[in-house]
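Following: one structure in structure tokens, then a few remarks.
The values are calculated or read from the model by the stated rules, or taken from the named source; none is laboratory data. What you are looking at is a predicted structure, and each value in this text was computed from that prediction instead of being measured. Quick reminder, even Gly has a Cβ in these numbers, built from the backbone with ideal geometry, and neighbours come from all protein chains shown. Note: areas computed on protein heavy atoms with side chains; ligands, DNA, RNA excluded. Shrake-Rupley method; radii C 1.70, N 1.55, O 1.52, S 1.80 Å.
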Amino acid sequence: MKRLVVLGAGTAGTMVVNKLRPRLDPADWEIVVVDEDPVHYYQPGFLFLPFGDYGPADVKKPKARLLPAGVDLVEATIDSVDPAGSVVHLSDGTTLGYDQLVIATGTHPRPEETEGMDGPEFGETVHTFYTYDGALRLREALRRFEGGRLVVHIVDMPFKCPVAPLEFTFLADAWFEELGMRDRVELTYVTPLEGAFTKPVASAHLGTMLAEREIGLEADFYTERIDAERRVLVSYDEREVPYDLLVTVPLNMGADFVAKSGLGDDLNHVLVDRETFLHPDYDNLFVLGDAANLPTS
Ligand SMILES: Cc1cc2nc3c(=O)[nH]c(=O)nc-3n(C[C@H](O)[C@H](O)[C@H](O)COP(=O)(O)OP(=O)(O)OC[C@H]3O[C@@H](n4cnc5c(N)ncnc54)[C@H](O)[C@@H]3O)c2cc1C
């Protein structure tokens with residue numbers, strides 16, 4: 001009996017086991033998925049939580065319900081992978097050998113990587129909708145917001161779904177308009193890119209859409225730190241952007257076990273061949289979804 005181990009039961013891990021279970025004879029192949037969180041979050045829905053268009057039930061489902069029969073779900077945190085020995089080490093001390101491995105543990109916001117972000121103001125005047133809890137905290141903050149400077153901010157590239165902060169900005173513009181308070185809100189979009197978006201044609205079009213809605217654009221902004229006490233963003237070239245409410249996309253990084261296992265780049269994204277999704281050094285180690293260091297947007 002051979003064993004396929006899939007690390008991460010998010011979008012990529014769930015899809016790959018649903019595709020592979022019918023193709024791999026259960027008499028020959030055992031399939032095991034490891035994830036530390038029993039809840040599957042529909043992350044695109046996080047955009048709609050702050051405005052109340054979606055509620056918790058729209059974005060949460062038990063992971064076990066999304067896996068086909070014949071796939072074992074192990075609820076555990078991955079500590080490291082020994083790719084030479086084909087063994088996964090879990091943080092409860094147990095190990096899981098494999099014949100084939102798929103790493104699908106995604107990429108995740110790391111507020112602690114930016115000076116000043118992860119302090120007492122996080123969840124108060126500094127928010128992110130890139131996590132479930134963050135999106136719900138932001139919903140409360142938007143309910144309390146009576147007007148002032150709302151800044152939508154990207155720390156650095158790459159991050160998952162690069163269009164999401166723009167979508168948030170346009171949704172916020174429409175939401176304040178609907179509440180009859182748009183004239184009391186100064187909206188600014190702060191990005192390390194030279195324009196509104198990564199691709200030139202889309203960037204020009206989206207830049208026009210921002211201008212038409214009187215949304216300020218602060219481009220080429222490389223964030224050095226957040227001065228949460230003074231409520232200003234500070235860039236390496238010493239520009240400052242003041243805010244009353246900050247909605248930020250923190251630095252995105254892959255899981256820590258990737259670094260511990262010597263498999264990642266400096267943001268813990270796993271090295272992978274873009275044609276085969278195989279790790280360049282191991283012919284039984286595949287990487288799918290956001291965990292890979294591919295330029296997927
Ligand atoms: C606000 C927002 C809006 C988005 N909008 C869109 C959109 O419109 N269209 C689109 O295509 N994409 C969108 N995305 C991106 C999309 O959600 C991701 O690209 C997708 O979820 C990636 O799937 P994944 O399986 O690679 O990672 P994930 O779905 O993040 O799954 C990773 C899994 O690994 C588990 N894990 C991580 N580390 C460990 C560990 N050490 N031990 C055990 N388990 C671990 C996690 O618990 C998680 O279940 C959006 C994302 C956000 C945040």
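What list of ³J(HN,Hα) couplings, whole Hz, do you get for the stretch 166-174 from phi and the Karplus terms 6.51, -1.76, 1.60, once you set θ to phi - 60° and write x for glycine and proline?
5, 4, 4, 4, 5, 5, 5, 4, 5
Below 13 angstrom from the Cβ of Asn284, what's the summed charge of the other residues (Lys, Arg +1; Asp, Glu -1)?
-2
Provide the convex hull volume over Cα atoms per residue for the stretch 229-277, in Å³.
Details: hull volume 7.5 nm³, N = 49.
That works out to 152 Å³ per residue.
Quick one: of Lys63/Lys199; Lys60/Lys199; Lys19/Lys63; Lys2/Lys60; Lys19/Lys260; Lys160/Lys199, which pairs are farther than 23 Å apart, Cα to Cα?
As for pairs spanning more than 23 Å Cα to Cα, those are Lys63/Lys199; Lys60/Lys199; Lys2/Lys60; Lys19/Lys260.
Order 49-62, 146-159 from most to least packed using the mean count of other Cβ atoms within 10 Å.
Numbers: 49-62: 14.7, 146-159: 18.6.
For the peptides 49-62, 146-159, the packing ranking is 146-159, 49-62.
How much net charge surrounds Gly262 when only other residues with a Cβ under 12 Å from its Cβ are counted (Lys, Arg +1; Asp, Glu -1)? If you can, show how the numbers build up before the last one.
Numbers: positive: Lys260; negative: Asp82, Asp265, Asp281.
Computed value for this residue: -2.
Report the Cα centroid-to-centroid distance between the stretch 221-253 and the stretch 29-54 in angstrom, as an integer.
Value for the Cα centre distance between the two parts: 28 Å.
Leaving ligands, DNA and RNA out of it, report the carbon-plus-sulfur percent of the accessible area of the chain at a 1.4 Å probe.
Using a 1.4 Å probe with all protein chains present, the chain comes out at 50 percent carbon and sulfur.
Considering just Cα atoms, how many Å³ per residue does the convex hull of the stretch 110-250 enclose?
102
What are the residues whose amide H is under 5 Å from the amide H of Trp29, where those residues sit 5 or more places off or on another chain and H is modelled from the backbone?
Result for Trp29 returns Lys2.
In deg cm²/dmol, rounded to 500, what helix-only [θ] at 222 nm does the chain give when every DSSP H run of at least 4 residues adds -39500 (n - 2.57) and the total is split over its residues?
On the way: 6 runs with 60 residues, N = 297.
Roughly -6000 deg cm²/dmol at 222 nm, from the helical runs in the chain.
Counting only heavy atoms of the protein chains, get the accessible area per residue of the stretch 150-193 (1.4 Å probe) and round it to a whole Å² value.
Result: 36 Å² of accessible area for each residue.
Count charges around Asp237 for me, please; just the other residues with Cβ under 10 Å from its Cβ, Lys/Arg as +1, Asp/Glu as -1.
Local net charge: -2.
Search the structure for amide H atoms under 5 Å from the amide H of Ala292, placed 1.01 Å from N in the peptide plane, and list their residues when 5 or more places away or on another chain.
Under 5 Å from the amide H of Ala292 lie the amide H atoms of Val270, each far enough along the sequence or on another chain.
For helix 132-144, report the angle its Cα long axis makes with the longest principal axis of the Cα atoms of the chain; keep it between 0 and 90° and round to the nearest 10°.
Between the helix axis and the principal axis of the chain, the angle is about 20 degrees.
What residues qualify as long-range amide H neighbours of Val190, i.e. H under 5 Å apart, gap of 5 or more or another chain, H built at 1.01 Å from N?
Result for Val190 returns Val152, His153, Ile154, Glu218.
Let me test this: with uniform point scatterers at the alpha carbons of the chain, what is the Debye-based log₁₀ I(q)/I(0) at q = 0.09, 0.14 1/Å?
-0.50, -1.05
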